[in-house]
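The values are calculated or read from the model by the stated rules, or taken from the named source; none is laboratory data. All figures in this text were calculated on a predicted structure; none of them were measured in a lab. Neighbour counts are summed over all protein chains in view; Cβ atoms, including those assigned to glycine, are modelled from backbone coordinates with ideal geometry. Keep in mind that these areas ignore ligands, DNA and RNA; they rest on the heavy atoms of the full protein, side chains included. Shrake-Rupley method; radii C 1.70, N 1.55, O 1.52, S 1.80 Å.
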Amino acid sequence: MLHQLSWKVGGQQGEGIESTGEIFSMAMNRLGYFLYGYRHFSSRIKGGHTNNKITVRATQVRAITDDLNILVAFDQETIDVNYKELSAQGIILADAKFKPKQPEDCEAPLFIVPFTEIATELGTSLMKNMVAIGATASLLDLDDSVFQSVVNEIFGRKGEVVVEKNMEAIAKGHEVMNELLGDRVGEWKLVEADGKRRMFMIGNDAVALGALTAGVRFMAAYPITPASEIMEYLIKKLPEFGGAVIQTEDEIAAATMAIGSNYGGVRAFTASAGPGLSLMMEAIGLSGMTEQPLVIVDTQRGGPSTGLPTKQEQSDLMAMIYGTHGEIPKVVIAPSTAEEAFYDTIQAFNIAEELQLPVILLTDLQLALGKQTVEPFDYSKVEIRRGKLVNEVEAPEVEKEYFKRYEDTTDGISPRVLPGIPHGIHHVTGVEHDQTGKPSETPTNREMQMNKRFRKLDALRFDMPIYTKSPHEEADVLLVGFNSTRGAIEEVQERLATEGIKANHAHIRLIFPFPTEEMQVQMAKAKKVIVVENNHTGQLANIIKMSAGGHGKIQTINKVDGTPFLPGELHNKVKEMLN
Amino acid sequence: MATFKDFRNNVKPNWCPGCGDFSVQAAIQRAAANVGIEPHELAVISGIGCSGRISGYINSYGFHGIHGRALPIAQGLKMANRNLNVIASGGDGDGFAIGMGHTIHGLRRNLDLTYIIMDNQIYGLTKGQTSPRSAAGFVTKSTPGGAIEPDVKPLELALSTGATFVAQGFSTDIKELTAIIEAGIQHKGFSFINVFSPCVTYNKVNTYDWFKENLTKLSDIEGYDPTNREAAMNTVMQHDGLVTGIIYHDTETPCYQSKADRFDEQALVGQELMMGETKFNELVKEFM
């Protein structure tokens, strides 16, 4: 009986590897298991090795495992690239079609199964994936019926015959595998799950649903990996709300269109990754200077330039905090789970409107695309706050006097009137301006407006700027991260506990303005601080040092090979540093 | 009902005396009054340069954006509030250099807004460099040996890019220009209006007199049919682009918002933002 299963399917890109993982995962999710997925893929449409690795267990999981129990291979490359991950109880299921060969130093048993042949006999080789799922069901001793509802949903529109054929392929795969396994059937059976239905989604889904829930009715975006799923979801859903997505000519148009829409009073945003964010820098400055709300999602990927477009990295931190020339107030939020991504997206829209400034919602590729199990979102926690929106304006005393859209208020936040409202006429410009928005270069006005804009940050309300799991008042180490490293750090913390090492965990959720005091409290409780991040220069560590001090205490673990941190790997590195 | 005076504000433009932009401003103010809208129902979105200042000189909602980006800002605004009359405007550098991509795609997209290019064939605010509208051989600070690249042909460009309304005006002829802008505002789609707006300080070639000598009014061409795109293209090419009037007008193609799937017929800005628990739970279930 396994407490945790790590399953991977691999093959050539474009031959249904992803859907194999998808069908298996959905079925497991519906049994009440928690899952966490990782996609290895390349920037090409067809060909090239791709794989989908899924961790399954009966309790919450937020990290990929170091090792692997079952490897399903549709080509030799899958075996060659991945066999070293296999654990002592690991096993390879390989399609007979490519005449699989066992690598010399591979001890895991290789089961050659005629996936393609069985599928072809049943009508089409395309169903080889379903045969492989059937074979997996045999290993896990699952009843084929657990796949029925998923197969219905995926193939239902193609008709009953197709549904039946696919179920037949599963049954046949199961049967053949049972014969091959003999008395080992069910050896990989998992501890039973609670059967509760939960959401199973990628971070991008959570962001898109969050945006829709926050009242977004317009999105302008340019396709890019790994952000496109956000626009794709909204292209499907926004028409139900009368809204729309415009696929723009570039990211410059995407961000400025979103500004135009927000100026008009409609919550709008854009989502992109590094290269797109580089193009949006002027728009971010415009939003800051003109105090138009703007939400931009940055799904970080490997940079710089085109970098590693389909790989994990967390290297946009500094660019997001400081990007755009000149100085503007800005908020940067970094959720670490799909659940946080949903609620933080809603907060991002609230903050953007309340403080009238650009908000960057920072995620990373593993959070954006890694599929994970999430407890259903709670609508009663959803709140929409629009700040100082003015719906009616009295006629000015002096005829044609402009509305003071940039009034120098105590909290720096000025009343915001939307175009179309009588007597609300004012000017908006990226040029330094007076309280009515008219250009002004006088030194006193400049000082006043600059101070006013920055004062707004003091009004920022953000619940839980740092996620902490810090049980120790005197910890040996504080592990710090942001975005998708959450799960790996959580597991390392658990492993260290079993070894008698007292580790606390702080995951930064509000990157800017940095929660200095909260961080200082965390750091004071630990002898050492280790900042874990997927970048070369230790950007988060530097931000912490700049904001909260701790220069002598802070060490970093960096990884820039394009893959997420694995718990075992991270555990070893932390232990090296503690010795 | 508002008159053109209601569209005047108390700001004194910083354009040079004699600048063509004054007349463009006046024509917009008159056209807005003539079509019967109120100042608060108009939003003028502009780019950067001398022309970009126009949004600050009209008593209406105004957004002076960034260089080349007037169009995307205007399109975003129109998506948010389809009841607003949105005019985007800028110079030839805005529309045909840094913002060329937005111009072409704005034309293709066909949102219901009016785009007015104040074309002076020179970079004025930066003090006299070549523009994509400067003719080959044009001598400027940045092209001391004469411009090497040929000039952009705005009308041909618009006609070949799916435009549904293409017009050209001359700032001196306020009457014709006002009528063009009125028609542009009333056109249900993207109205592309190029206006020759001479720079009296830096462009000593394309002067008021030069235009008066070289321009042909389409209203003087007997039987000119603005609904015929092919004829429009031929006429424009025959006159080397030096025509004024409504060149092409497609009244049949619906605008973007009419074509977009289930797009709200009311302004989006009026919508309730909370979707309600029932709808929310429906969406959540799709992930289970």
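Taking the Cα atoms of segment A:394-516, the ratio Rg/Rh between the radius of gyration and the Kirkwood radius comes to 1.29. Whole angstrom only: what separates the Cα centroid of segment B:24-63 from the Cα centroid of segment A:414-490? Cα centroid of segment B:24-63 versus Cα centroid of segment A:414-490: 31 Å apart. Highest mean packing comes first when the peptides A:73-83, A:39-49, A:424-434 are listed by Cβ atoms within 10 Å, giving A:424-434, A:73-83, A:39-49.
For a modelled paramagnetic label at A:D143, 7 Å from Cα along Cα-to-Cβ, the residues of segment A:13-40 in reach, with backbone nitrogen under 18 Å, are A:27-33.
With 0.36 nm allotted per residue and the present C-alpha distance subtracted, the A:D408-A:A459 stretch has 16.9 nm of extension available. Amide hydrogen proximity for A:V428: with H placed 1.01 Å from N in the peptide plane, the residues at 5 or more positions away or on another chain lying under 5 Å are B:G62, B:F63, B:H64. Taking 20 Å as the straight-line reach from the Cα of A:K573, the aspartates and glutamates in range (excluding those fewer than 8 positions away in the same chain) are A:D66, A:D67, A:E85, A:E313, A:D476, A:E490, A:E491, A:E494, A:E499, A:E533, A:D561.
If each Cα of segment A:158-316 is one equal point scatterer, what is log10 of I(q)/I(0) from the Debye formula at q = 0.09, 0.12, 0.14, 0.18 Å⁻¹? Log-scaled intensity ratios, in q order: -0.47, -0.67, -0.78, -1.03. Rg and Dmax, both from the Cα atoms of the protein assembly as shown and both in Å, are 30.8, 99. Under 23 Å Cα-Cα from B:K212, which lysines qualify once same-chain neighbours fewer than 8 residues away are excluded? Within the straight-line cut-off, B:K212 pairs with B:K153, B:K175, B:K204.
Pairs of Cα atoms nearer than 8 Å and 6+ residues apart set the relative contact order; for segment A:86-190 it is 28 percent. Shown here: segment B:4-285, whose C-alpha atoms stretch 69, 43, 37 Å along the first, second and third principal axes, sorted largest to smallest. The phi-based Karplus calculation (6.51 cos²θ - 1.76 cosθ + 1.60; θ = phi - 60°) puts the 3J(HN,Hα) values of segment A:305-312 at 6, 6, x, 10, x, 10, 10, 6 Hz, whole numbers, x for Gly and Pro. Residues in segment A:122-136, backbone N under 20 Å from the label point at A:E179 (7 Å along the Cα-to-beta-carbon vector): list them, ranges by number please. The answer is A:122-125, A:127-136, whose backbone nitrogens lie closer than 20 Å to the label point. In sequence order, segment B:103-114 has phi-based couplings of 5, 4, 6, x, 4, 5, 6, 6, 6, 7, 8, 10 Hz under the Karplus curve 6.51 cos²θ - 1.76 cosθ + 1.60, θ = phi - 60°, and Gly or Pro positions carry x.
The mean sequence distance of close C-alpha pairs (under 8 Å, at least 6 residues apart), as a share of the length of segment A:290-344, puts its relative contact order at 19 percent.
Across peptide B:101-109, the mean count of Cβ atoms from other chains lying within 10 Å of each residue's own Cβ comes to 3. Given R0 = 22 Å, the distance between the Cβ atoms of B:F4 and A:E399 translates into a calculated FRET efficiency of 0.90.
Residue separation of A:H551 and A:T436 scaled by 0.36 nm, minus their Cα-Cα distance, works out to 36.9 nm of gained length.
Across peptide B:258-267, the average count of Cβ atoms from other chains found within 10 Å of a residue's Cβ is 4.
Modelled this way, with points 7 Å down the Cα-to-C-beta line, the labels at B:E149 and A:E447 are 4.4 nm from one another. For the peptide A:213-221, the mean number of other protein chain Cβ atoms found within 10 angstrom of a residue's Cβ is 4. Placing R0 at 25 angstrom, the Cβ-Cβ distance between A:E232 and B:T161 gives a FRET efficiency of 0.40 after rounding to 0.05.
For a paramagnetic label modelled on A:S19 (point 7 Å from Cα along Cα→Cβ), amide N atoms under 18 Å away belong, within segment A:105-128, to A:115-128. Calculated from the alpha-carbon coordinates, segment A:466-578 shows an Rg and a Dmax of 12.6, 36 Å respectively. Taking the centroid of alpha carbons for each part, segment B:76-129 and segment A:198-262 are 25 Å apart.
Computed about the Cα centre, the dipole magnitude for segment A:466-578 is approximately 180 debye when only Lys and Arg (+1) and Asp and Glu (-1) carry charge, each at its Cβ. Basic side chains Lys and Arg get +1 at the Cβ, acidic Asp and Glu get -1 at the Cβ, and with that the dipole of segment B:55-171 about its Cα centre reaches some 260 debye. Once both labels are positioned 7 Å from their Cα atoms along Cα-to-Cβ, the gap between B:I174 and A:A96 label points is 9.0 nm.
Reported to the nearest whole Å, the Cα centre-to-centre distance from segment B:193-215 to segment A:151-196 is 76. Treating each Cα of segment A:297-391 as one equal point scatterer and applying the Debye formula with no solvent, the log10 of I(q)/I(0) at q = 0.11, 0.12, 0.14 Å⁻¹ comes out as -0.39, -0.47, -0.62. According to the calculation over all Cα-Cα pairs in segment A:526-579, the P(r) per 10 Å bin from zero is 24, 52, 24, 0 %.
Taking label points 7 Å from Cα along the Cα-to-Cβ direction, B:V200 and A:Q60 give a separation of 7.2 nm.
Around the amide H of B:K217, modelled in the peptide plane, lie the amide H atoms of B:T244, all under 5 Å away and 5 or more residues distant in sequence or on another chain. Restricting attention to segment A:4-196, close to 55% of DSSP beta bridges with both partner residues there are antiparallel. Can you list the residues, at least 5 places off or on another chain, whose amide H is less than 5 Å from the amide H of A:R217, using H built in the peptide plane? Amide H neighbours of A:R217, under 5 Å, 5+ apart: A:R267.
Atom-type composition of the exposed protein surface of segment A:362-475 places 49 percent of the accessible area on carbon and sulfur (1.4 angstrom probe).
Note down the net charge around A:E340, summing +1 for each Lys or Arg and -1 for each Asp or Glu among other residues with Cβ under 15 Å from its Cβ. Net local charge, A:E340 excluded: -3. Residue by residue, segment A:59-67 carries 3J(HN,Hα) couplings of 10, 3, 9, 9, 9, 7, 7, 6, 10 Hz when phi is fed to the Karplus relation 6.51 cos²θ - 1.76 cosθ + 1.60 (θ = phi - 60°); x denotes Gly or Pro. Taking each DSSP H run with n ≥ 4 as -39500 (n - 2.57) and averaging over every residue of the protein assembly as shown yields -10000 deg cm²/dmol at 222 nm. In chain B, the DSSP beta bridges split such that about 20 percent are antiparallel, to the nearest 5. Taking the DSSP beta bridges with both ends in segment A:463-545, the antiparallel portion is around 30 percent.
Each Lys and Arg contributes +1 and each Asp and Glu -1, all at the Cβ; summed about the Cα centre of segment B:124-189, the dipole is approximately 200 debye.
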